[in-house]
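The values are calculated or read from the model by the stated rules, or taken from the named source; none is laboratory data. Keep in mind that this is a model prediction, so the values were computed, not measured. Neighbour counts are summed over all protein chains in view; Cβ atoms, including those assigned to glycine, are modelled from backbone coordinates with ideal geometry.
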Amino acid sequence: MVKWGVTFDWRNAEVRSVIALCKKAEEACANEFWVPEAWSLEAFSVCGALLASTQKITVGTGVVNVFSRSAALIGMACATLSQFGEGRFALGLGVSAKRVVEDWHGIPFERPYSRLLDYLRVIRQVAHGKELSLQTKTPSRFRLFTQPVKELRVYLAALGEKSLKIAAKFFDGAIVTFYPFSKLDKALKILNGKELVAYYPVALTEDTSAIERIKRLITFYVCSMGDYYYSNLKTLGYENEVERMRSLYHSGKKDEAVNQAKELLDELSLIGSASQIAEKVKSVDFTPVFALDSPDTLQKIGAHLKDW
């Protein structure tokens, strides 16, 4: 059976429509529903609403960062949401980026990976109800005063080789976004048996407006979301494509940059008939997460994945 999930574009998302999409995902037999967080909806409260509105599907943060909340608070949130969903909650965790952390949250973006591993340790201790003693000027011992998590799956938002290696060593798996489809074997090799969750925007062949939105989304991530996606695509062999996109975009030719994104559609998105998309994701041993807003597209693809 193919394990698969659903997510959505965080820009302009609204709770009511996200709940409706999650219910449709569960009806279509999706295994997971991932809630992104940037500067739109707050992920933990949305996860609570989704867990309370469903019965079977796993709901996860996809992802929250290690700067905007304390580690203990994230651990408490994991325990709380596990009670909401009787073990159906998963934590997606990441370091985010300097621009988001400093310009949105107002926190210095320092030692991100050291902070990540410190957070991971504390989150697991708190969520599992273990005693916690942080090294402060006045050491105190705390533990969780509610039902702890029995089992907590934690995934790292990863892109490059360094973060994938960290995921392989310390996490249950990795979540990648806009990772070239033909390069997934490279990421799987680095993860060495850990689960790979990969986000891909989806459109059916005949939906030209959805394909145009995907081109604009790729352009946004390559040209406006810092250097992370741009640099990773360069490293993986797409230097010419992303350099042309960035050059056009930053010289004010944004529509031409969007048009240039068509060269990356096959690698960074899933476009085709429902059966073609289903066959493509079946060919690789990973967990595809379909980024979409249309319940109709979801149901059509889900129908082809149900019996696998």
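For the structure I just gave you, tell me whether SER209 is exposed (fewer than 15 other Cβ atoms within 10 Å of the Cβ), without any contact (Cβ under 8 Å) to a residue 40 or more places away in the chain, in contact with a strand residue (DSSP E or B) (Cβ under 9 Å, 6 or more places away or on another chain) and of a type in the set (S, T, N, Q). So SER209 fits the description; yes. Candidates in segment 157-177 are the residues that are closer than 16 Å to GLY5 by Cβ and either in contact with a helix residue (DSSP H, G or I) (Cβ under 8 Å, 6 or more places away or on another chain) or of a type in the set (Val, Ile, Thr) (or both); of these, the one that is surrounded by the fewest Cβ atoms within 10 Å (Cβ to Cβ) is GLY173. Taken together, ALA291, ALA257, ALA261, ALA278 contain a single residue that is at pLDDT below 95 and small (Gly, Ala, Ser), which is ALA278. Taken as a whole, the structure places GLU42 among residues that are modelled with pLDDT of 95 or more, surrounded by fewer than 18 Cβ atoms within 10 Å (Cβ to Cβ) and within 16 Å of the chain's Cα centre (by Cα).
Hey, among GLY106, GLY75, GLY87, GLY129, which residue is surrounded by fewer than 18 Cβ atoms within 10 Å (Cβ to Cβ), touching a residue at least 60 places away in the same chain (Cβ under 8 Å) and either among the charged types (D, E, K, R) or outside any strand (DSSP E or B) (or both)? Matching residue, one of GLY106, GLY75, GLY87, GLY129: GLY87.
Checking each residue of segment 260-274 against the condition of being over 27 Å from GLY60 (Cβ atoms) and aliphatic (A, V, I, L, M) gives at least one match.
Where helices (runs of 4 or more DSSP H) fall wholly inside segment 201-308, the ranges with 3 or more residues that are over 26 Å from SER163 (Cα atoms) and touching a Lys or Arg at 6+ places or on another chain (Cβ under 8 Å) are 254-260, 295-305.
Selection of first residues in segment 279-294 that are of a type in the set (D, E, K, R) and of second residues that are part of a strand (DSSP E or B) and modelled with pLDDT of 95 or more, restricted to Cβ pairs under 7 Å at least 6 apart or on distinct chains, gives the following pairs, ordered by first then second residue: LYS280/LEU270. The single residue among TYR229, TYR200 that is closer than 28 Å to HIS304 by Cα, buried (at least 21 other Cβ atoms within 10 Å of the Cβ) and of a type in the set (Phe, Trp, Tyr) turns out to be TYR200. If I filter segment 157-172 for residues that are over 17 Å from GLY60 (Cβ atoms), acidic (Asp, Glu) and touching a Phe, Trp or Tyr at 6+ places or on another chain (Cβ under 9 Å), do I get at least one hit? Checked segment 157-172: no residue is over 17 Å from GLY60 (Cβ atoms), acidic (Asp, Glu) and touching a Phe, Trp or Tyr at 6+ places or on another chain (Cβ under 9 Å). Among the residues of segment 1-55, those that are touching a residue at least 40 places away in the same chain (Cβ under 8 Å) and assigned to a loop (DSSP other than H, G, I, E, B) comprise MET1, VAL2, LYS3, TRP4, PHE8, ASP9, ALA28, CYS29, ALA30, ASN31, ALA38, TRP39.
Which one of these is polar (S, T, N, Q) and in contact with a strand residue (DSSP E or B) (Cβ under 6 Å, 6 or more places away or on another chain): SER269, SER273, SER294?
SER269
If you check LEU152, LEU116, LEU134 for being farther than 30 Å from ILE271 by Cβ and exposed (fewer than 15 other Cβ atoms within 10 Å of the Cβ), only one passes: LEU134.
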